[in-house]
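The block underneath contains the structure these notes are about, expressed in structure tokens.
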There are 2 protein chains.
Amino acid sequence: MTGERRKFTRKSEDARREALIAAALELIAEGGPTAATVRAIAARAGVTPGLIRHYFDGKDDLTREAYRAMMAAMQADNTTVLGPATADPATRLAGFVTAALRPPVMDPHRMGLWAGFIHQVRSDPDMAAVHAETYLRYRDLLESLIADLGRHEASALRGLAIACNGVIDGLWLEGSALPAAFAPGELERIGLMAVGAILGLDLLSRHPAEEQP
Amino acid sequence: MTGERRKFTRKSEDARREALIAAALELIAEGGPTAATVRAIAARAGVTPGLIRHYFDGKDDLTREAYRAMMAAMQADNTTVLGPATADPATRLAGFVTAALRPPVMDPHRMGLWAGFIHQVRSDPDMAAVHAETYLRYRDLLESLIADLGRHEASALRGLAIACNGVIDGLWLEGSALPAAFAPGELERIGLMAVGAILGLDLLSRHPAEEQP
DNA sequence: GCCTCAATTATACACTTGCATAATTGCAGA
DNA sequence: TCTGCAATTATGCAAGTGTATAATTGAGGC
């Protein structure tokens with residue numbers, strides 16, 4: 001009885017590419033770039049290493065595509081949480097802030113994923129462009145939310161958006177890096193307080209206080 | 001003539017350990033954890049790979065020590081920039097904020113170094129403890145600076161310190177990740193504006209405005 | 001049902017990684 | 001000056017890395 005050849009089923013190119021990208025992202029999130037070897041990625045995707053070379057130009061190509069997918073997913077998350085522009089601007093903004101400061105966005109794995117890409121983003125111009133574009137789009141979205149409040153001069157919007165973005169990113173970082181240091185909901189409240197103070201309005205009242213009986 | 005054996009000079013244990021740690025940190029900052037191989041570290045330290053095993057229990061041990069050294073250096077930076085408690089509290093706070101938002105603290109390499117450690121910090125309890133301790137000490141320092149202002153109730157200090165820390169970290173992150181997106185000094189000004197707004201005081205006036213003729 | 005061919009697997013290779021061990025040699029103390 | 005020993009280098013190895021190439025085989029079109 002010779003070593004039996006592994007059974008397999010053929011799937012669409014899209015399905016295979018998605019599965020490989022998802023596997024790569026999971027592994028990077030869990031163990032950093034080092035853990036995302038070709039063999040590990042293939043194993044997690046339920047496939048043989050050779051298939052990676054069949055659907056991608058190589059490991060670097062797969063990594064680039066995975067980064068693209070991650071950034072696209074993050075952006076989709078942001079527009080989803082925002083919803084339609086029916087609610088009043090302050091409430092929309094409050095929802096935007098708190099969404100970033102609780103799971104699944106605020107999560108050690110997500111931060112690990114983000115950190116795992118940093119060096120390649122810096123060395124690969126293609127990835128750097130994706131990074132810059134996504135960041136600026138996020139900030140522009142925030143700026144438009146602030147503009148909708150109708151409280152600030154147009155010339156101040158850029159600085160305010162950068163500041164609020166900083167608050168959100170910074171608290172996200174702290175909470176993701178050291179989850180045990182904060183009570184549940186604490187960072188959401190602090191985020192609303194800080195962004196409200198910067199913009200000169202009370203956002204905390206827009207927040208469903210989950211600690212009240 | 002056989003291959004000549006490499007000349008070398010003996011050095012103290014401390015000097016060799018420091019050189020190896022410095023080399024490891026440089027490599028991680030430049031190219032991420034992947035680039036910091038034993039051979040690369042040894043080469044940069046002007047030494048042969050075997051010496052790493054002579055002074056450290058292995059590569060992981062060297063990595064841990066390098067992380068410790070980095071965190072200690074960062075902490076020393078913070079207390080240095082603060083200086084003696086002679087100046088008035090608001091000016092001290094302003095100096096603390098701006099120091100984090102300009103080189104050499106705000107720097108792509110530093111961010112890369114920090115990011116390069118994240119996964120090991122998460123998986124190694126020893127490194128995790130160092131991380132938590134350093135973060136909390138930084139925040140406590142910030143909290144005491146805020147308390148010195150004499151404007152806030154003690155019960156509010158924790159939240160304010162977390163918020164200001166978030167602003168600083170977030171802007172540091174943005175500026176380090178995408179330096180080209182900001183004008184020189186812009187993030188310092190935005191940081192002072194935001195921290196001032198959160199704490200209810202004008203910090204911008206404490207900042208030497210370098211853009212005025 | 002069978003045939004074809006692309007999707008998938010299997011195998012092999014050159015290179016790198018961390019580490020263990022043995023061979024040297026700089027240099028402090030006599 | 002010489003000698004001994006620890007600091008340093010040299011060598012080798014097993015495991016893991018990405019990739020190229022050849023061998024199989026699932027499944028849609030006839």
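Computed from the coordinates by the stated procedures, all read-outs in this text should not be read as laboratory data. Just so it is clear, the structure is predicted and the values come from calculations on it, not from any experiment. All Cβ positions, even for glycine, are placed from backbone atoms using ideal geometry, and neighbour counts span all protein chains on display.
Key figures for this structure:
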{"read-out": "Estimated 222 nm signal from helices in chain A, with DSSP H stretches of n ≥ 4 weighted -39500 (n - 2.57), rounded to 500", "value": "-23000 deg cm²/dmol"}
{"read-out": "Choice from A:Ala69, A:Ala85, A:Ala45 with maximal GNM fluctuation in chain A (Cα, 10 Å cutoff)", "value": "A:Ala85"}
{"read-out": "Tilt relative to chain B, helix B:125-148 - C-alpha long axis, 0 to 90 degrees, to 10", "value": "30 degrees"}
{"read-out": "Table column - 3J(HN,Hα) (Hz), segment B:41-53, Karplus curve with 6.51, -1.76, 1.60, x for Gly and Pro", "value": "4, 4, 4, 5, 7, x, 8, 9, x, x, 5, 4, 5"}
{"read-out": "Neighbour-limited loop hits for chymotrypsin sites (Phe, Trp or Tyr not before Pro), segment A:48-90 (at most 14 other Cβ within 10 Å; DSSP other than H, G, I, E, B)", "value": "none"}
{"read-out": "Cα Rg, Dmax, segment B:64-202, angstrom units", "value": "15.3, 42"}
{"read-out": "Between helix B:59-82 and chain B: long-axis angle, C-alpha atoms, 0 to 90°, nearest 10", "value": "30 degrees"}
{"read-out": "For the protein assembly as shown, convex hull volume per residue from C-alpha positions, Å³", "value": "232 Å³"}
{"read-out": "Relative contact order [Cα under 8 Å, 6+ residues apart], chain A, whole percent", "value": "21 percent"}
{"read-out": "Approximate spin-label separation B:Asp126-A:Phe8, in nm, with each point projected 7 Å along Cα-to-Cβ", "value": "4.3 nm"}
{"read-out": "Percentage, to the nearest whole number, of Cα pairs in segment B:1-79 over 19 Å apart", "value": "38 percent"}
{"read-out": "Candidates A:Ile198, A:Ile21, A:Ile41, ranked by Gaussian network fluctuation over chain A, Cα under 10 Å, top entry", "value": "A:Ile198"}
{"read-out": "Table column - 3J(HN,Hα) (Hz), segment B:105-112, Karplus curve with 6.51, -1.76, 1.60, x for Gly and Pro", "value": "6, 7, 7, x, 5, 5, 5, x"}
{"read-out": "Given chain B, longest segment not containing exposed loop GluC sites (Glu not before Pro) (DSSP; at most 15 other Cβ within 10 Å)", "value": "B:5-152"}
{"read-out": "Segment B:73-120: C-alpha pair distances exceeding 15 Å, %", "value": "53 percent"}
{"read-out": "Axis-nearest residue of B (beta carbon) for the B-onto-A rotation, whole Å", "value": "B:Gly170, 1"}
{"read-out": "Entries of A:Lys59/B:Lys7; A:Lys7/A:Lys59; A:Lys7/B:Lys59 with Cα pairs more than 31 Å apart", "value": "A:Lys59/B:Lys7; A:Lys7/B:Lys59"}
{"read-out": "At 7 Å out from Cα toward Cβ: A:Asp60 inter-copy label distances (nm, ascending)", "value": "3.1"}
{"read-out": "B:Thr37 long-range amide H proximity, modeled H, under 5 Å", "value": "none"}
{"read-out": "DSSP-loop trypsin sites (Lys or Arg not before Pro) across segment B:100-190, with at most 15 other Cβ within 10 angstrom", "value": "B:Arg151"}
{"read-out": "Test item: Cα-centred dipole of segment B:64-202, Lys/Arg +1 and Asp/Glu -1 on Cβ, debye", "value": "100 debye"}
{"read-out": "Distances in nm from B:Gly200 to the matching label points in the other copies, shortest first (labels 7 Å along Cα to Cβ)", "value": "1.7"}
{"read-out": "Rounded to whole Hz, the Karplus (6.51, -1.76, 1.60) HN-Hα couplings of segment B:154-161, x for glycine and proline", "value": "4, 5, 8, 4, 4, x, 5, 5"}
{"read-out": "Copies compared at B:Met74 - label distances in nm, ascending, label defined 7 Å from Cα in the Cβ direction", "value": "1.9"}
